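Just below is one structure, and these are the notes that go with it.
The values are calculated or read from the model by the stated rules, or taken from the named source; none is laboratory data. These figures come from a predicted structure and were not determined experimentally. Ideal geometry is used to build each Cβ from the backbone, glycine not excepted, and the neighbour counts take in all protein chains shown. Remember, those area values only see protein heavy atoms, side chains included, never the ligands or the DNA or RNA. Shrake-Rupley method; radii C 1.70, N 1.55, O 1.52, S 1.80 Å.
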Amino acid sequence: IGWNPEEVIDVSGEDISGYFEGSLITADSIFPQGLIAQDTVTTNFYFINDGEKKLIATPDVRKLNFGSFATVKKTSKELEKYATADGVIILKDGLMVKSSEDPKVYIVSGEQLRWIPDEKTFSDLGYNWKNLVAVSQATLDYHQTGEPLESF
């Protein structure tokens with residue numbers, strides 16, 4: 001996996017008490033850290049982890065959620081080897097997004113788009129315009145719309 005035993009740091013149980021224990025990584029694990037694969041025919045992106053693939057909604061989601069992951073091209077036949085997980089990967093919580101076709105600004109929260117209705121609400125909640133990302137309308141269409149955010 002790329003870890004050197006000499007890099008392991010001894011810690012106490014208290015040091016790691018805030019972490020949850022994930023799935024067991026064994027010699028048989030398939031891409032335990034995950035892999036982004038792009039179908040060479042459909043151009044769809046998938047996140048492959050521990051033998052399962054899950055569709056990534058759009059190229060925007062691939063870029064924003066998995067920016068540091070390298071992408072590996074795979075044929076549809078190669079991708080058929082992996083079980084298909086339920087659902088679709090959409091934008092991660094905390095992102096501030098807008099469509100390139102609409103001026104409405106949203107925060108992704110609980111897999112929903114929460115509209116920021118005015119500048120007062122925007123500034124009262126401490127948001128910064130430099131964090132705004134324009135995405136395709138298709139990316140936003142994968143999300144449900146939640147209640148608009150309110151100023152306090």
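Output the residues belonging to region 132-150 that are small (Gly, Ala, Ser) and either assigned to a loop (DSSP other than H, G, I, E, B) or modelled with pLDDT under 95 (or both). Once the filter is applied, which keeps residues that are small (Gly, Ala, Ser) and either assigned to a loop (DSSP other than H, G, I, E, B) or modelled with pLDDT under 95 (or both), region 132-150 yields SER136, GLY146.
Here PHE31 clears all of (1) modelled with pLDDT of 80 or more; (2) closer than 15 Å to LYS74 by Cα except the condition numbered (1). Of the numbered criteria (1) free of Cβ contacts under 8 Å to residues at least 24 places away in the same chain; (2) assigned to a strand (DSSP E or B), the one GLU6 fails is (2). Considering region 54-83, the residues that are under 23 Å from GLN144 (Cα atoms) and not aliphatic (A, V, I, L, M) include one that is surrounded by the fewest Cβ atoms within 10 Å (Cβ to Cβ), namely LYS63. Count, please, the residues in region 36-71 that happen to be without any contact (Cβ under 8 Å) to a residue 40 or more places away in the chain, closer than 23 Å to VAL135 by Cα and among the hydrophobic types (A, V, I, L, M, F, W, C). Within region 36-71, residues that are without any contact (Cβ under 8 Å) to a residue 40 or more places away in the chain, closer than 23 Å to VAL135 by Cα and among the hydrophobic types (A, V, I, L, M, F, W, C) number 7. Among all positions in region 10-26, there is no residue which is within 17 Å of the chain's Cα centre (by Cα) and either surrounded by fewer than 16 Cβ atoms within 10 Å (Cβ to Cβ) or of a type in the set (Lys, Arg) (or both). Against the list (1) touching a helix residue (DSSP H, G or I) at 6+ places or on another chain (Cβ under 8 Å); (2) open to solvent by 50 Å² or more (accessible area, probe 1.4 Å); (3) closer than 16 Å to LYS63 by Cβ; (4) not polar (S, T, N, Q), the condition ILE89 fails is (2). Taking each residue of region 104-131 that is acidic (Asp, Glu) and looking for partners that are in a strand (DSSP E or B) and open to solvent by 70 Å² or more (accessible area, probe 1.4 Å) with beta-carbon atoms closer than 9 Å, six or more apart or interchain, yields GLU111/GLN144. Residue-level analysis places SER100 among those that are closer than 30 Å to GLY126 by Cα, in contact with a strand residue (DSSP E or B) (Cβ under 8 Å, 6 or more places away or on another chain) and at pLDDT below 95.
Scanning region 92-132 for residues that are among the hydrophobic types (A, V, I, L, M, F, W, C), within 18 Å of GLN144 (Cα to Cα) and open to solvent by 60 Å² or more (accessible area, probe 1.4 Å) yields one hit, TRP115.
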